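Read the structure below first, then the notes.
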Amino acid sequence: MVNTRAASNRLQPSESGASERAGGKEEDDEATSSLRTRTMRPDARGEAGERGCIGKTESHKGRLLIEFSMVMTRSLFCLHNVKMTSLKRYAWLSIATASVTIVLKGLAWWMTDSVGLLSDALESTVNLAGAIMALAMISIAELPADDHHTYGHGKAEYFSAGFEGLLILLAAIGIGVTAISRLLDPQPLEHVGIGLTVSVVASLVNLFTARVLLVAGKKNRSLTLEADAHHLMTDVWTSVGVILGVGAVALSGYQWLDPVLALLVAANIVWTGWKLLYRSMQGLMDVALPPAEHALVVGVLDTYREQGIDYHALRTRESGARRFVEVHILMPGEWSIQKGHELVEQLEGDIRQALPQTSVLTHLEPLDDPASQDDIALDR
């Protein structure tokens, strides 16, 4: 037992020395690291710290932008669910969407100092102008008929559609000019990460609102809402072109792909703008109802020929959401006024049932009177 304790006592100083040497080595390493830090070139220490700060700042900015985008998107969903009997709520939704995209793109420009994002934000102000115009024209179109506008105010919607179509054409021209300038003088892309994030978020917001407006426009026969929806879709297609262009350049390295895709997007936007201008001009020119709707009217009139009547001088037109149908009804001369009146009342009701929001005006004439055939022309 004595020998064992003695051996143990002899080993303890050795272990203690090893521990002291290890501690000394750690102190030497810390001193060496501190010395290296103190002796490092100031510019090298600044570059390393700056790279770390920039990375953290960019990441923080990206997270802030995404969180802000989500808050604004949820706000739009809440606005969409607000109960309003008028179509104005869709115009307010469009105004809110344009405002959100302006803030998003403006915030991204402030974060990145990218001229491209600044121009994109300024382009969104055109959407805001179109949305305000849509709200004004819908407000006028919903006014009831008065002594000065006996057919109502529905044609106000055509002014809004024409204005939207013109704005779309101007946007296409601006995109084309910028694309040609970039094609002749290619420039490297900057701040791709945040720029694409903003483009994707803004595109989703615009796409959501455009689909809502398009469905509402077709359901309520509102050319103003349809035009505003197509205007927002031009922004979506523009952003899609930007994303594809940036992706193509990143994958291939060819700078000219970005402006070429932008020119294709501009061509598509020109076609959309022209269609809106054409529809607005046709509405102001009192164009007849579309062939499918005209066929419904003719189908109703033909069913009454079995009762011994005929018709001519059928004229149709539309004014905003309302349709107008005028027709001369030829009935047997021996019929009483009461019987003829009851027949046309039923006929008009059948036309209105086939085509809601239709005003029908009929004119009764004797079937066997030759003079009844002389009033078919418009000037008669």
_Number of the condition not met by Leu330 [criteria: (1) at pLDDT below 90; (2) of a type in the set (A, V, I, L, M); (3) in contact with a Phe, Trp or Tyr (Cβ under 9 Å, 6 or more places away or on another chain)]_ = (1)
*Starting from segment 286-298, take each residue that is under 14 Å from Pro356 (Cβ atoms) and at pLDDT below 95 and list its partners that are surrounded by 16 or more Cβ atoms within 10 Å (Cβ to Cβ) and among the acidic types (Asp, Glu), counting only C-beta distances under 7 angstrom and pairs at least six apart or across chains.*
Leu289/Glu318
*Matching option when the condition is within 20 Å of Ser99 (Cβ to Cβ), crowded, with 17+ Cβ neighbours inside 10 Å and under 23 Å from the mean Cα position of the chain (by Cα), among Val201, Val242, Val246*: Val201
*What's the number of the condition Val325 fails, among (1) modelled with pLDDT under 95; (2) surrounded by 13 or more Cβ atoms within 10 Å (Cβ to Cβ); (3) not in a helix (DSSP H, G or I)?*
(1)
*Taking Arg305, is it touching a strand residue (DSSP E or B) at 6+ places or on another chain (Cβ under 6 Å) and either over 30 Å from Ile140 (Cβ atoms) or surrounded by 11 or more Cβ atoms within 10 Å (Cβ to Cβ) (or both)?*
no
*Would you point out the residue of segment 217-235, among those that are assigned to a helix (DSSP H, G or I) and surrounded by fewer than 18 Cβ atoms within 10 Å (Cβ to Cβ), that is nearest to the chain's Cα centre (by Cα)?*
Lys218
*May I ask you to verify whether Glu342 is modelled with pLDDT of 90 or more and closer than 24 Å to Lys155 by Cβ?*
no
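Scan segment 97-115 for residues that are part of a helix (DSSP H, G or I), surrounded by fewer than 18 Cβ atoms within 10 Å (Cβ to Cβ) and modelled with pLDDT of 55 or more and report the count.
Looking only at that region, the number is 3.
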_Residues located in segment 182-226, provided they are within 21 Å of Ala267 (Cα to Cα) and in contact with a Phe, Trp or Tyr (Cβ under 8 Å, 6 or more places away or on another chain)_ = Leu183, Pro186
*Quick one: in segment 156-187, which of the residues that are of a type in the set (D, E, K, R) and buried (at least 16 other Cβ atoms within 10 Å of the Cβ) is farthest from Asp228 (Cα to Cα)?*
Arg182
_I'd like to verify a number: residues in segment 356-376 that are in contact with a strand residue (DSSP E or B) (Cβ under 6 Å, 6 or more places away or on another chain) and of a type outside the set (Asp, Glu), how many?_
11
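Okay, residues lined up against (1) closer than 15 Å to Glu123 by Cβ; (2) basic (Lys, Arg); (3) without any contact (Cβ under 8 Å) to a residue 40 or more places away in the chain; (4) touching a Cys at 6+ places or on another chain (Cβ under 7 Å):
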position: Met233; (1), (2), (3), (4): yes, no, yes, no
position: Gly241; (1), (2), (3), (4): yes, no, yes, no
position: Val246; (1), (2), (3), (4): no, no, no, no
position: Tyr254; (1), (2), (3), (4): no, no, yes, no
position: Leu264; (1), (2), (3), (4): no, no, yes, no
*How about segment 245-304: which of its residues are in a helix (DSSP H, G or I) and of a type in the set (Val, Ile, Thr)?*
Val246, Val249, Val260, Val265, Ile269, Val270, Thr272, Val297, Val298, Val300, Thr303
_Six or more apart or on different chains, Cβ atoms under 7 Å: show the pairs whose first residue is in segment 338-363 and surrounded by 15 or more Cβ atoms within 10 Å (Cβ to Cβ) and whose second is of a type in the set (Phe, Trp, Tyr)._
Leu347/Tyr304; Ser359/Phe324
*Of these, Leu223, Leu276, Leu257, Leu261, which one is modelled with pLDDT under 90, within 19 Å of Leu87 (Cα to Cα) and in contact with a helix residue (DSSP H, G or I) (Cβ under 6 Å, 6 or more places away or on another chain)?*
Leu223
*All but one of (1) within 17 Å of Ala171 (Cβ to Cβ); (2) buried (at least 23 other Cβ atoms within 10 Å of the Cβ); (3) in contact (Cβ under 8 Å) with a residue 40 or more places away in the chain hold for Trp274, so report the exception by its number.*
(2)
*For segment 299-310, how many residues are over 45 Å from the mean Cα position of the chain (by Cα) and closer than 19 Å to Leu355 by Cα?*
1
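The values are calculated or read from the model by the stated rules, or taken from the named source; none is laboratory data. Remember, it's a predicted structure, so these values are computed and weren't measured experimentally. Methodologically, a virtual Cβ is constructed for each residue, glycine included, from the backbone with ideal geometry; neighbour enumeration extends over all protein chains shown.
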